[in-house]
1. If r is the Cβ-Cβ distance from THR104 to GLU75 and R0 is 30 Å, what FRET efficiency results, to the nearest 0.05?
2. Each label point is 7 Å from the Cα along the Cα-to-Cβ direction; what then is the distance between the points at ASP87 and GLU46, in nm?
3. For ALA61 and GLN9 in the same chain, what is the full-extension length gain: residue separation times 0.36 nm, less their Cα-Cα distance, in nm?
4. Once both labels are modelled 7 Å past Cα along the beta-carbon direction, what's the ALA97-ASP29 spacing in nm?
5. Under the Kirkwood approximation for Rh and a Cα-based Rg, what ratio Rg/Rh is obtained for segment 10-108?
Amino acid sequence: MTQKKPSRQQVYTLLVQIGRKEGDGLPQDATGAALMVYASGVDEAEAVRETVAILKQADTAPLDVTGYGTIAEREAEGHDIPQEERDLMQRALDENAVIVAQMTPFFGNELSAIDDSNAPH
């Protein structure tokens with residue numbers, strides 16, 4: 001029996017800014033949103049590509065993606081990662097998936113003046 005090669009997949013934490021698009025499911029008065037996403041990939045570039053592709057398929061308009069690294073990289077930076085986040089990251093890895101963990105709609109000029117208030121800590 002051949003042994004299965006260990007997966008090189010890792011989970012990356014991404015913050016995605018989306019604009020408006022018809023059928024995007026955002027509140028009517030929203031100008032866009034920030035999405036906290038956990039995405040699997042062999043590297044962060046692949047995780048970003050997969051995330052953008054899936055968000056486009058879901059009728060959203062991705063504008064910008066900020067990567068916060070793997071769980072190990074985040075821990076090394078001193079981020080406090082609750083068990084709920086860890087569980088979602090594990091699910092993304094197990095299912096080779098993109099998981100939207102949080103969606104924060106923007107109203108008015110918030111989209112152009114985004115700060116790190118939505119960034120993982």
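Any read-out appearing in this document is the output of simple, stated calculations on the displayed coordinates, not a laboratory observation. These numbers were taken from a predicted model, which means no experiment stands behind them. Please note: Cβ atoms are built from the backbone with ideal geometry, for glycine as well, and neighbour counts cover all protein chains shown.
1. Efficiency, from the Cβ-Cβ distance: 0.80.
2. 2.8 nm
3. Extra length from ALA61 to GLN9 when fully extended: 16.1 nm.
4. My value for the distance between the label points is 3.3 nm.
5. 0.98
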